[in-house]
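The values are calculated or read from the model by the stated rules, or taken from the named source; none is laboratory data. Just so we're clear, the structure is a prediction, and the values are computed from it rather than from any experiment. Note that each Cβ is placed from the backbone with ideal geometry, even for glycine, and that neighbours are counted across all protein chains shown. Remember, those area values only see protein heavy atoms, side chains included, never the ligands or the DNA or RNA. Shrake-Rupley method; radii C 1.70, N 1.55, O 1.52, S 1.80 Å.
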Amino acid sequence: MKSSFRLFARRVRSDWFFQYKALRMAVDWVIAIYFVIPLMIVAGYQYYSWWAAQPSWFSWISMFMVGTVFYLFTWLGTIRYFVEEGDQLFLRQNQRWFQHLMFLGYRYSLVLQGITTLLLTLVFLPLLVQTYSFGMPQIICFWLLTYLLKINLGLLRQLLALRIQGILLWLLRIAVFVGLFYTYQKLVAAVSHNASFIWAILILLLALAVFLSKIRLQEKGAFLADVARERDSRMRIVSLMLIRVMERKRKPKRKRPLLFKNSQRLFKGKGAGNGIADLLVKSFFRNGTQWKQTIQFAALISATMFILPGVLKITIWILAACLLAFWRKSFCKDELTAPFLTLFPIQDTVKHQALQLTTPILVLPALILISLFMGISFFTWWGPILMIGAAIPLAYGTSSVFTSWY
């Protein structure tokens, strides 16, 4: 039994490491720094503000809408057993080990789904407490109701898929989905009204989960279906990343660039520093990926300006300028390592000079856009003018700080 536990632990570690590598492919350090972290900061502040003062739009969210979100959540995910195709050759010969592995995977799924249900409940907690006056017993009851229904649905869908195939299975799933939806809404309404019979319903759901679990773990002929389900669960993040991948007709490459197509000089004066600065500016503005990420970053920060208080707006504005300066510096340093530049004996002092000349120019477009919407968020006629005027010295100031070293 110890060996089967070590096998299960190794497979869980392998799964988490695989999901981590998949996320690293989609969320590199640039996206994490410029999008994920600011979004988490804003979301954390917003969540805190919901507890400090109830927003007016809380009254627009009915308990029926909350129940719909939680019910859809109960249909997400599955119960995993961490079985693999290779187990058919060796592990299944030892029925005791194989059953113990499936049981450990089942318990792991119970814990994981309990945690995810708790996290969703915590997200809606300010609404439940402040608008619907939920007490601690009601919150626990609501969490248990959603959690137990999620477990029962996961087991029931697996048993139905093993016994019924084709269109009959889909029709039965639709009937179960619709019937349980209205039943769940009635139970959520009973929880909100603090009905006493809801605890009896929870006991019945718990007993049903135990009953279905025994049937499912003893089910014969489910190995191949469990392997396919495990493969789908392992590839869930990768499949989301590849959902938009399709064959497309390649667009003809533009013979001449859209910007700076005449290759005119951007910086007056002679010297290698000015020439390299020209190269960096043109390289950035001709880079579609940089444009896309810059627009997304500016749109995200600009949108948050309308929900933040005045002091925090200024803080986020300065932080955005610092992030942009660091971002542009990193881009320029990457461009300076291009293979064709290594053919020329360019000194680091010349590269540093080009970096100091280029960075504020690359920072300005996004910072001006953020400053414009920040000024509009003050709802005054002078706000946009003042903030756009302040964006220029801020861009040069932050760029000077971040390019003070190479």
Criterion: open to solvent by 40 Å² or more (accessible area, probe 1.4 Å) and more than 23 Å from LEU160 (Cα to Cα) - qualifying residue of GLN99, GLN46: GLN46
Test: residue in region 382-401 that is in a helix (DSSP H, G or I), of a type in the set (Phe, Trp, Tyr) and buried (at least 19 other Cβ atoms within 10 Å of the Cβ): no
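ASP334 - would you say it is of a type outside the set (A, V, I, L, M, F, W, C), part of a helix (DSSP H, G or I), surrounded by fewer than 14 Cβ atoms within 10 Å (Cβ to Cβ) and free of Cβ contacts under 8 Å to residues at least 40 places away in the same chain?
yes
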Verdict on ALA298 being at pLDDT below 90, assigned to a helix (DSSP H, G or I) and surrounded by fewer than 14 Cβ atoms within 10 Å (Cβ to Cβ): no
Count - residues of region 351-363 that are among the aliphatic types (A, V, I, L, M) and open to solvent by 30 Å² or more (accessible area, probe 1.4 Å): 2
Some residue of region 90-106 being modelled with pLDDT of 90 or more, of a type outside the set (Ser, Thr, Tyr) and under 26 Å from the mean Cα position of the chain (by Cα): yes
Of all residues in region 184-225 being free of Cβ contacts under 8 Å to residues at least 12 places away in the same chain and open to solvent by less than 70 Å² (accessible area, probe 1.4 Å), the one that is farthest from LEU110 (Cα to Cα): ALA195
